[in-house]
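The values are calculated or read from the model by the stated rules, or taken from the named source; none is laboratory data. As the structure is a prediction and not an experimental result, all values here were calculated from the model. Please note: Cβ atoms are built from the backbone with ideal geometry, for glycine as well, and neighbour counts cover all protein chains shown. Just so you know, the surface numbers come from the protein's heavy atoms only, side chains and all, with ligands and any DNA or RNA stripped out. Shrake-Rupley method; radii C 1.70, N 1.55, O 1.52, S 1.80 Å.
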Amino acid sequence: MTDAQDRWEARLAEHTVYRRPGGGPAVVLLNGCGLASVAWDAVVEALPGRAIIAVDRPGRCGTVNDGLPDLRQEARILSRIIGDDAPAIVVAHSMSSFQAEALARLHPQAVSGIVLADPAVEASAHSGRLRRAGAASIARALGSAVRAEPVRRVAAAAIRYGMRHETSHPEALDDELWRACHDTPEALAASAAELASYGGQAADLAALRAEQAAPAAAPAILLEGKPFHPAGQEETLEAAFSHLEIRRVPQSRHLMMLDAPEEIARAVDDLGTAAAPEA
């Protein structure tokens, strides 16, 4: 193997994957920045009998993050994880919507449909973009800082405070498994790396859209929590997918998996019905 292949295989091995056998198409759950697969528990319960693939990126579940997430690499890793369960329905929250669309574009055989759960949307390729070298330096500095116990406690408390304002059910965040998502130095360092990579991943997705000069073939359902996306961001997503249905979910804020798990499950079921072959 080359050094690049070795690094890729190592990063693939650091992704933790929970699989539940069941009927298809399989449902792949992708976490937003700073979250872990425990966030999807209510959605998993709302999809009884369905095959589930929940993916935790490096830095969660006892693993260690090493470097910024790369959009094309993450799409390749997700394609490998889905494997024989393809084509699958991908449910992407927040920033992971970048990876879901990249997966549909670069590995279309892996995806039958996408549910965008209050996704991140960038109408401009350069909005908020950091140079990759600068982003990596910032992530390393923050990752080192949170290894000091006082800094770790403050950072974890700040994240919990922010999350409580993004859900109608803040009591759910007091669960020990939720707290473990962002209580360890490894998890906090991973969150810093994911956040620092935001601009680069957004720019890479814009470049991929321009390179292909066509919408992603996979149908998508956009679930919007309050505050709803501006019209310009909705138009960006409408142009990005060959078929996009927009559903507003007024009872939900950003952490939609807590506020409206049944709406996510319904969107999954609707895409599954649409993808099912005719008898």
Counted residues in region 232-243 being farther than 14 Å from Asp118 by Cα and open to solvent by 30 Å² or more (accessible area, probe 1.4 Å) come to 6
Here the qualifying pairs (Cβ atoms under 6 Å; residues six or more apart or on different chains; first in region 149-169 and in contact (Cβ under 8 Å) with a residue 40 or more places away in the chain; second among the acidic types (Asp, Glu) and buried (at least 17 other Cβ atoms within 10 Å of the Cβ)) come out as Thr167/Asp259; Ser168/Asp259
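Table: residues versus (1) acidic (Asp, Glu); (2) at pLDDT 90 or above.
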| position | (1), (2) |
| --- | --- |
| Glu149 | yes, yes |
| Ala156 | no, yes |
| Ser168 | no, yes |
| Asp174 | yes, no |
| Trp178 | no, no |
Per the list (1) open to solvent by 10 Å² or more (accessible area, probe 1.4 Å); (2) under 23 Å from Arg160 (Cα atoms), residue check on Val43 breaks on (1)
Residue pairs qualifying under the 9 Å Cβ cut-off, at least six apart or on distinct chains, with the first in region 261-274 being touching a residue at least 40 places away in the same chain (Cβ under 8 Å) and the second being among the charged types (D, E, K, R) and open to solvent by 60 Å² or more (accessible area, probe 1.4 Å), are Pro261/Asp41; Pro261/Glu45; Ala265/Glu45; Ala267/Glu245; Asp270/Glu245
Those residues of region 26-40 which are crowded, with 23+ Cβ neighbours inside 10 Å and either assigned to a strand (DSSP E or B) or in contact (Cβ under 8 Å) with a residue 60 or more places away in the chain (or both) amount to Ala26, Val27, Val28, Leu29, Leu30, Asn31, Leu35, Ala39, Trp40
Of those in region 244-262 that are out of contact with any strand residue (DSSP E or B) (no Cβ under 6 Å at 6 or more places or on another chain) and open to solvent by less than 60 Å² (accessible area, probe 1.4 Å), the residue nearest to Trp40 (Cα to Cα) is Met257
For region 59-115, the count of residues that are charged (D, E, K, R), within 23 Å of Ala213 (Cβ to Cβ) and open to solvent by less than 10 Å² (accessible area, probe 1.4 Å) equals 2
Among strands (runs of 3 or more DSSP E) entirely inside region 43-146, those with 1 or more residues being out of contact with any Leu (no Cβ under 9 Å at 6 or more places or on another chain) are 50-56, 88-93
